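These notes are about the structure you will find just below.
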Amino acid sequence: MSLLDHISTSADVARLRREQLPHLAAELRAEIIDVCSETGGHLASSLGAVELTVALHYVHDSLRDRIVWDVGHQTYGHKILTGRRHLMRRIRQHGGPAGFTTSSESPHDALTVGHASTSLAAALGMALARDAREVPYDVVAVIGDGALTGGMALAALNQIGHLKPRMTIVLNDNEMSISENVGALNEFMRRLQVQPWLQRAESRGKAALRDLWAPLAEFGSRAKKATRRFFDPASNNPFHAMGLRYVGPIDGHDVEQVAFYLAHIRELEGPTMLHVLTRKGKGYDVAEADPITWHGASRYDASNPVAAGKGYQWSDAFGDAAIALAENDDRVWVITPAMREGSGLVPYSKAHPKRYLDVGIAEDVAVTTAAGLALRGERPIVAIYSSFLQRGYDQLIHDVALESLDVVFAIDRAGLVGADGMTHQGVFDMAYLRPIPNLAIAMPKDAVELRALLKGALARGGPVALRWPRGSVAVAPDTAVEAWPDVAWGSWEVVSGPSDPADATVAVLAYGVTLGYALEAAAAAGDVAVVNARFLKPLDDAWLARWADAGVPLVTVEDHVLAGGLGSAVAEHLADAGFEVPMQRLGIDDVHVSHGDPRLQHEELGYGVQGIRSAIAASRARRVRRAEDHLHRSVEAAAPAGGTEAGPHEAVGAVPSLR
Ligand SMILES: Cc1ncc(C[n+]2csc(CCOP(=O)(O)OP(=O)(O)O)c2C)c(N)n1
């Protein structure tokens, strides 16, 4: 029987003899590799945190103490050790555990998370709450060197160093964000590792560790004295300067050593940062050799792991378009907040390295740096995921929109994103972008339209938000920028069915992935117009006026929350213009949607093919009823006067083709 078979909580780990900890770590690593081979997921980060995870559960009790993992993507080991081992084969799938820590999933998860850099502020709050109530528990934040590049993390450190609550901060430093980590702090951490005196100190620390490791209860003044040499080593250490006690760096794969320091630190007053050095993908050759590819792995054959190709993605279409546009115009820049790979920017970063900027996990900085560039005449494109742009909202209004600057927001992962779930759903952006004056919003139907819109956005000037979903798209033909077709700014297009409202019973307004669903749903119906409502702002007022005037019922369909999406925009516009048009709005109602297969989720939420079919049928039935009522009323109204030929005829005139 394996050690893992006996473990479902921290207390089970704490019962082990310390010599058993490396064995547990080895088992945990093998389990993670095996689970991810079936499910895919955040393999490399979870492998790098194996020893840290075991040590944390050896020293701390995640039911009593609060272990706050930053991002929460490195917690597969934590989940396995805390009673979720049997569920892991369904991680990130519908009904299975989330890919990140989620407090509704387990009391061992201190925080619901998925976005980076929140752990320190949340842990600070927990430590303050603990001290206010005088309850004895420990608070530990675990943050990666990547997540530490976020302004939120740095601002929280500033507070922690000022208020000095008792807490442990584990800095899990593997030199990587998703891609290579960036920034001056990162450079400082590299210097810390190569200081010869530090390496000497580390070997002294290890010797002391061997001498001093005794029952944990014996950690006392001797251990404190021995390790003090390790503490606060450099007067120019920025963490020290911010008021933290700094320990390290230590080898984060030496599980006994990590446990030793954690146990010691929990006895200390005030905040202490333990800097552990780890390797992303540790213990799995392919992932160690290529941690970028194996950061977010697809399923693989564990005995012969080969990273699955993803095919041509929307993000690749954007990256290719950006390269071409930057070639044409040397004012074009692309800025990413730490998402080079996910945003399709690897080729761009090589093609135009001088006009490519990775600012770290700092969406706010990405937006305002773009504002600065635009103020000096450059044409920046901020490549950003929909859910991460939430981090740059004030900057978008305050720094970009107030000045109506020429900044293009290339918003990726718009719509439901699948396995990443609740924290990453890109379903709010239009609702929060639509109210911003001067900002245009559009979503292309394919890669050709993406190029046209991107080119059009740069030509239009002012702030423009273009959005596209996660997933694959057909490659656009290889043509020069000048030959890219233009899209009339603010125009919609009827892509199937009648283009004259007089011939239509229903019009379905869709954009992005829902356009495909609408086409499928309306395929057999000649009286249904399917419209590519690619501009969300401005709406195509002229189109709407013509169709509303003809009384054609509208069905709006969107992979976005209903509140504030296309349906809202159209309803508001029609109401303001005095039209009374029957409308059905399909989209996400007032719920958070967790992980799952987006196509199934779209159906479940009522805006997949079936949902649209039902809406079309309902609109048609309603229209027939209304026409009949109208006819009836007209006949009645005409009857006392003996009736006219024109009366009933006029009544059906607005409903020309009821099929
Ligand atoms: C606000 C935000 N931006 C971007 C991301 C995408 N993201 C997930 S993990 C990650 C890298 C984190 O690096 P680090 O904290 O060093 O952890 P590692 O994966 O190296 O263990 C990034 C950029 C995110 N989760 N949240």
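The values are calculated or read from the model by the stated rules, or taken from the named source; none is laboratory data. Small disclaimer: the values here were computed from a predicted structure and weren't measured. As a convention, Cβ positions derive from the backbone with ideal geometry for all residues, glycine included, and neighbour counts pool all protein chains shown.
Some notes on this structure:
- Residue that is more than 30 Å from Asp399 (Cα to Cα) and within 23 Å of the chain's Cα centre (by Cα), where the choices are Thr514, Thr505: Thr514
Yes/no matrix, rows are residues, columns are (1) over 22 Å from Ser349 (Cα atoms); (2) away from the ligand (no atom under 16 Å from the Cβ):
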residue	(1), (2)
Gly281	yes, no
Thr293	no, no
Gly296	no, no
Ser303	yes, yes
Ala321	no, yes
Glu327	no, yes
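- Whichever residue in segment 71-92 is of a type in the set (A, V, I, L, M, F, W, C) and surrounded by 18 or more Cβ atoms within 10 Å (Cβ to Cβ) and, among such residues, is nearest to Leu21 (Cα to Cα): Leu81
- The helices (runs of 4 or more DSSP H) found entirely in segment 305-391 that carry 3 or more residues being free of Cβ contacts under 8 Å to residues at least 60 places away in the same chain are 314-328, 346-351, 363-375.
- Cβ separations smaller than 7 Å between residues 6+ apart or across chains give the following pairs from segment 286-301 residues that are without any contact (Cβ under 8 Å) to a residue 40 or more places away in the chain to residues that are more than 12 Å from the ligand (Cβ to nearest atom) and of a type outside the set (A, V, I, L, M): Val286/Pro305.
- Scan of segment 136-161 for residues that are in contact (Cβ under 8 Å) with a residue 40 or more places away in the chain and in a loop (DSSP other than H, G, I, E, B), ordered by number: Tyr137, Asp138, Asp145, Gly146, Gly150
- For segment 93-106, the set of residues classified as more than 21 Å from Ala141 (Cα to Cα) and buried (at least 22 other Cβ atoms within 10 Å of the Cβ) consists of Pro97 only.
- Every listed requirement among (1) within 27 Å of Val306 (Cβ to Cβ); (2) away from the ligand (no atom under 16 Å from the Cβ); (3) of a type in the set (Lys, Arg) is met by Lys79 save one, (2).
- Meets criteria (within 14 Å of the ligand (Cβ to nearest atom), modelled with pLDDT of 95 or more and either among the small types (Gly, Ala, Ser) or crowded, with 18+ Cβ neighbours inside 10 Å (or both)) for Asp109: no
- The residue that is nearest to Val170 (Cα to Cα), among those in segment 34-68 that are in a helix (DSSP H, G or I), more than 14 Å from the ligand (Cβ to nearest atom) and out of contact with any helix residue (DSSP H, G or I) (no Cβ under 7 Å at 6 or more places or on another chain), is Asp34.
- Inspection of segment 387-406 finds a residue satisfying the criterion of being of a type in the set (S, T, N, Q), on the phi < 0 side of the Ramachandran plot, surrounded by fewer than 20 Cβ atoms within 10 Å (Cβ to Cβ) and in contact with a Phe, Trp or Tyr (Cβ under 8 Å, 6 or more places away or on another chain).
- Restricting attention to segment 580-593, the residues being in a loop (DSSP other than H, G, I, E, B), crowded, with 18+ Cβ neighbours inside 10 Å and not β-branched (Val, Ile, Thr) number 0.
- Beta carbons closer than 7 Å, at least 6 apart along the sequence or on distinct chains, pair a first residue in segment 479-496 that is in contact (Cβ under 8 Å) with a residue 12 or more places away in the chain with a second that is polar (S, T, N, Q) for Val481/Asn328; Trp492/Asn532; Glu493/Asn532; Val495/Asn532.
- Residues of segment 153-177 satisfying the condition of being surrounded by 23 or more Cβ atoms within 10 Å (Cβ to Cβ) and either within 12 Å of the ligand (Cβ to nearest atom) or farther than 16 Å from Ala127 by Cβ (or both): Ala153, Val170, Leu171, Asn172, Asp173, Asn174, Ser177
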